[in-house]
Amino acid sequence: MTIRQTEILDLARLRGRVEVEELARRFAVSPQTIRKDLNDLCDSRALTRIHGGALLPGGNENVEHEARRKIAAAGKQAIGRAAARLIPDDASLFVNIGTTTEAVGEALLDHKDLMVVTNNIHVANRLRTAPRIQVVIAGGLVRGSDGGIVGEAAVDFIRQFKVDFAVIGASAIDEDGALLDYDFREVKVSQAIIANARHVILVADSTKFERAAPVRIGRLTQVHSFVTDRPAPDSIRALCLREDVRLIETGG
């Protein structure tokens, strides 16, 4: 194992997951070199290969979800608290799939008289014990990797509602304001959520500015409030200012 591979493994142990593009920048080498390092580490079973990177091996199918929860965890918690402050008591809202939206769900526990409609099993499970929150969970295909409910049945279910707020996440945010994801089935649900909420809150940590994904959810211009943890790129800040999107940077 090379010195670089040892450092990559140390990072994976710290974060739960490492990504090719970030490692290439960190070590000032090509993505191809990093992919070879990751393949070597996976061949030795030190890591498990996933799309765009690698994570620590685990014995259950939800390991990738658990690893994602550890990425920018403090930032996601700060985002969750800031987004929750935008939602008053006595409101109805959607909460979709994602570890950042789960942080919002956690921050909503002390709210009163909410109706939360979600396709996120983790959000539903966390909020179901709150005495003054009504939880409505979508039906459909349950994705084994993260407990997200996706597919046409979930889309049809979401379309039955018109709510006050929507809390949505994205896997990547392009510099032109495109909101992107990996699974077209999840994207269909997200689009239905955006279309059936009066105020859309996008929650995404700053790592999403550095990533790419192939499926378009929509555009930042469809969002009313955007909560992130670090200063957004200049292009995103300018877009928010021009399109009257409220930008909240928690700094944590």
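Taking a quarter of the surface of the Cα convex hull of segment 178-244 gives a mean projected area of 4.4 nm².
When ligands, DNA and RNA are left out and all protein chains stay put, how many square angstrom of accessible area per residue does segment 166-243 have with a 1.4 Å probe? Please report the intermediate quantities before stating the final value.
Working: 3200 Å² over 78 residues.
With all protein chains present, segment 166-243 gives 41 Å² per residue.
3J(HN,Hα) along segment 48-56, derived from phi through the Karplus expression 6.51 cos²θ - 1.76 cosθ + 1.60 where θ = phi - 60°, amounts to 10, 6, 9, 4, x, x, 7, 9, 5 Hz, with x in place of Gly and Pro. Relative to one another, the C-alpha centroids of segment 88-158 and segment 205-220 are positioned 22 Å apart. Among Ala54, Ala24, Ala154, the largest mean-square fluctuation in a Gaussian network model of the chain, built with springs joining Cα atoms closer than 10 Å, belongs to Ala24. Placing +1 on the Cβ of every Lys and Arg and -1 on the Cβ of every Asp and Glu, with no other charges, gives the chain a dipole of roughly 180 debye about its Cα centre. Might you report the magnitude of the Cβ-based charge dipole of segment 106-203 about its Cα centre, with Lys and Arg at +1 and Asp and Glu at -1, to the nearest 20 debye? Roughly 520 debye, rounded to the nearest 20. DSSP assigns beta bridges within the chain; of those with both partners inside it, close to 40 percent run antiparallel. Using 0.36 nm per residue and subtracting the Cα-Cα separation, the extra length available between Asp176 and Arg26 on full extension is 51.5 nm. Of all the options Val136, Val203, Val189, the one that moves most in a Gaussian network model of the chain with Cα springs shorter than 10 angstrom is Val136.
Restricting the calculation to alpha carbons of segment 101-140 gives Rg and Dmax of 9.1, 29 angstrom. Annotation: amide H of Phe165 within the under-5 Å range of Ser92, Leu93, Phe94, Arg198, His199, sequence separation 5 or more or interchain, hydrogens built in the peptide plane.
For the chain, carbon and sulfur atoms together expose 49% of the accessible surface, with a 1.4 angstrom probe and every protein chain in place.
Calculated accessible area for segment 1-41 comes out at 56 Å² per residue, all protein chains present (probe 1.4 Å; ligands, DNA, RNA ignored).
Here the sum of -39500 (n - 2.57) over DSSP H runs of 4 or more residues, divided by the residues of the chain, equals -11500 deg cm²/dmol at 222 nm, to the nearest 500. Once the Cβ-Cβ distance of Asp40 and Glu210 is raised to the sixth power relative to R0 = 25 Å, the FRET efficiency obtained is 0.55. Annotation note: trypsin sites (Lys or Arg not before Pro) in segment 120-201 located in DSSP loop regions with a Cβ neighbour count of at most 13 within 10 Å are Arg128, Arg132, Arg159, Lys162. The calculated Kirkwood hydrodynamic radius for segment 62-210 is 15.1 Å, given to one decimal from all distinct C-alpha pairs. Close amide H partners of Gly218, meaning residues 5 or more places away or on another chain with modelled amide H under 5 Å apart, are Leu179. With the convex hull drawn around the C-alpha atoms of the chain, the volume per residue stands at 120 Å³. Legend: calculated FRET efficiency, Gln134 to Asp156, from the Cβ-Cβ distance at R0 = 30 Å, rounded to 0.05, equals 0.90.
Can you tell which of Ser190, Ser235, Ser92 shows the greatest fluctuation in a Gaussian network model of the chain with Cα springs below 10 Å? Its mean-square fluctuation being the largest, the pick is Ser235.
If you average 1/r across every pair of different Cα atoms in segment 138-224 and take the reciprocal, what Kirkwood value do you get, in Å?
Details: mean 1/r = 0.0758 Å⁻¹.
Across segment 138-224, the inverse of the average 1/r is 13.2 Å.
The values are calculated or read from the model by the stated rules, or taken from the named source; none is laboratory data. Since this is a predicted model, take the numbers as computed values, not measurements. Positions of Cβ are backbone-derived with ideal geometry, glycine not excepted, and every protein chain shown enters the neighbour counts. The area values use the complete protein model at the heavy-atom level, side chains included, leaving out ligands, DNA and RNA. Shrake-Rupley method; radii C 1.70, N 1.55, O 1.52, S 1.80 Å.
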